[in-house]
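The values are calculated or read from the model by the stated rules, or taken from the named source; none is laboratory data. Every value quoted in this text rests on a predicted model; they were computed, and no experiment measured them. Here the Cβ positions follow ideal geometry from the backbone for every residue, glycine too, while neighbour counts run over all protein chains shown. We work out accessible area using only protein heavy atoms, side chains counted, and drop any ligands, DNA or RNA first. Shrake-Rupley method; radii C 1.70, N 1.55, O 1.52, S 1.80 Å.
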Amino acid sequence: MLLITWLIINRQKRINARNKLLLLKDEQLLAAQELLVEKEKEEKKRLIQELDNKNRFLIDFALYIGMKNEFLLNLREQLKKLLNRQGASPEIRDVIFQLNQNLRHNKEVVDLQKNVEKVNFEFIQKLVERFPNLNENEKHLVFLLRLKFTSKEIADIRAVSVKAVEISRYRLKKKMNIDDNDSLVAFIQKI
């Protein structure tokens, strides 16, 4: 009887020791999981901060392009006035032509678009999946609207009139099947 009691007690001690070891391992596993979750949260926060910084840089760059284009447009208008006052000066016509060429083929706008596409790769994938029929100009407009640029700022960046941007926004809204009462920018932010 003593032997059976001793065996039972010994077996119970081994079971208790194994249970304590399992509890300790479970606690270590939970601690490791909590640490992993915390690291993932920190990494996500860092990536969001990095994306915000890149978007701020893109916004600043786009505003710079807009200011430069606005300056070039004003300069072109001043030169046209000067041309009308002084007559047909070939040098002034050449400068106006070069300004027009620079405004039409602006490398900075192309660079801006490429950088926006790099920074917002996941957004682009979702956009293309949902709206595969968007052309490059419409995608670029969506990016600028996503960065919360106004029509005036977009017009300055693209070196077009505000009316042209408004028409593009209207066409984009129709292409995306957005109700007239709904906000295009709010819709884009939800994508």
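Once the stretch 144-160 is narrowed to residues that are open to solvent by 10 Å² or more (accessible area, probe 1.4 Å) and small (G, A, S), the residue that is nearest to I188 (Cα to Cα) is S151. Would you check if A62 is in contact (Cβ under 8 Å) with a residue 24 or more places away in the chain and part of a helix (DSSP H, G or I)? Yes: the conditions hold for A62. Every condition in (1) within 25 Å of R104 (Cα to Cα); (2) at pLDDT 90 or above; (3) surrounded by fewer than 18 Cβ atoms within 10 Å (Cβ to Cβ) holds for S168 except the one numbered (3). Here N177 clears all of (1) open to solvent by 40 Å² or more (accessible area, probe 1.4 Å); (2) at negative phi except the condition numbered (2).
For the stretch 109-151, the candidate set comprises residues that are under 15 Å from Y170 (Cα atoms) and of a type in the set (D, E, K, R); within that set, the residue that is farthest from the chain's Cα centre (by Cα) is E138. Evaluating Q113 against the criteria (1) open to solvent by 60 Å² or more (accessible area, probe 1.4 Å); (2) in contact with a helix residue (DSSP H, G or I) (Cβ under 8 Å, 6 or more places away or on another chain) leaves one unmet condition, (1). Of the residues making up the stretch 61-89, those that are open to solvent by 80 Å² or more (accessible area, probe 1.4 Å) and modelled with pLDDT under 85 number 3.
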